[in-house]
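Structure record follows, encoded as C-alpha cells.
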Amino acid sequence: MAQSFVHEEIVINAPLSAVWALMGCFEDMSPWFPSAAECSADRVGVGAVRRLLMPDGGELLEEQTAR
C-alpha cells in the first residue's frame with residue numbers, strides 16, 4: 001500500500017492551557033475526535049506513531065515529530 005504524507009498547521013484562538021488540556025495527549029484523541037473507532041500509540045513522546053482505526057476499517061497513521 002502506498003503511503004501519503006500530509007502536513008497541516010492551524011492557529012487556535014484559545015488559551016494555550018485550554019488547548020493542551022483537551023488535545024495534549026497524543027496517544028488518545030477520543031476527547032476531541034470521537035469519529036475514530038480506536039486510537040492507540042506505540043509509545044509516548046516525539047517519534048511516537050499513533051494509529052487511528054476508523055469505523056469503515058480505514059486506518060490512519062500519524063507520527064509525532066515535535067512537541
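Residue 8 - would you say it is free of Cβ contacts under 8 Å to residues at least 24 places away in the same chain, surrounded by 11 or more Cβ atoms within 10 Å (Cβ to Cβ) and out of contact with any helix residue (DSSP H, G or I) (no Cβ under 9 Å at 6 or more places or on another chain)? Judged against the criteria, residue 8 is not a match.
In segment 1-31, what count of residues is obtained for those that are aliphatic (A, V, I, L, M) and in a loop (DSSP other than H, G, I, E, B)? Of the residues in segment 1-31, 8 are aliphatic (A, V, I, L, M) and in a loop (DSSP other than H, G, I, E, B).
Only residues that are open to solvent by 50 Å² or more (accessible area, probe 1.4 Å) and under 13 Å from the mean Cα position of the chain (by Cα): list them for segment 51-67, please. Listed by number, the residues that qualify are 51, 59, 60, 61, 62, 63, 65, 66, 67.
Can you name the residue in segment 19-29 that is among the hydrophobic types (A, V, I, L, M, F, W, C) and open to solvent by less than 50 Å² (accessible area, probe 1.4 Å) and is also farthest from the chain's Cα centre (by Cα) among such residues? Per the criteria, the residue is 19.
Looking across segment 32-50, the residues that are open to solvent by less than 80 Å² (accessible area, probe 1.4 Å) and assigned to a loop (DSSP other than H, G, I, E, B) come down to 33, 35, 36, 37, 45, 47, 48.
The values are calculated or read from the model by the stated rules, or taken from the named source; none is laboratory data. Just so it is clear, the model here is predicted, and its values are computed rather than measured. Note that each Cβ is placed from the backbone with ideal geometry, even for glycine, and that neighbours are counted across all protein chains shown. Note: areas computed on protein heavy atoms with side chains; ligands, DNA, RNA excluded. Shrake-Rupley method; radii C 1.70, N 1.55, O 1.52, S 1.80 Å.
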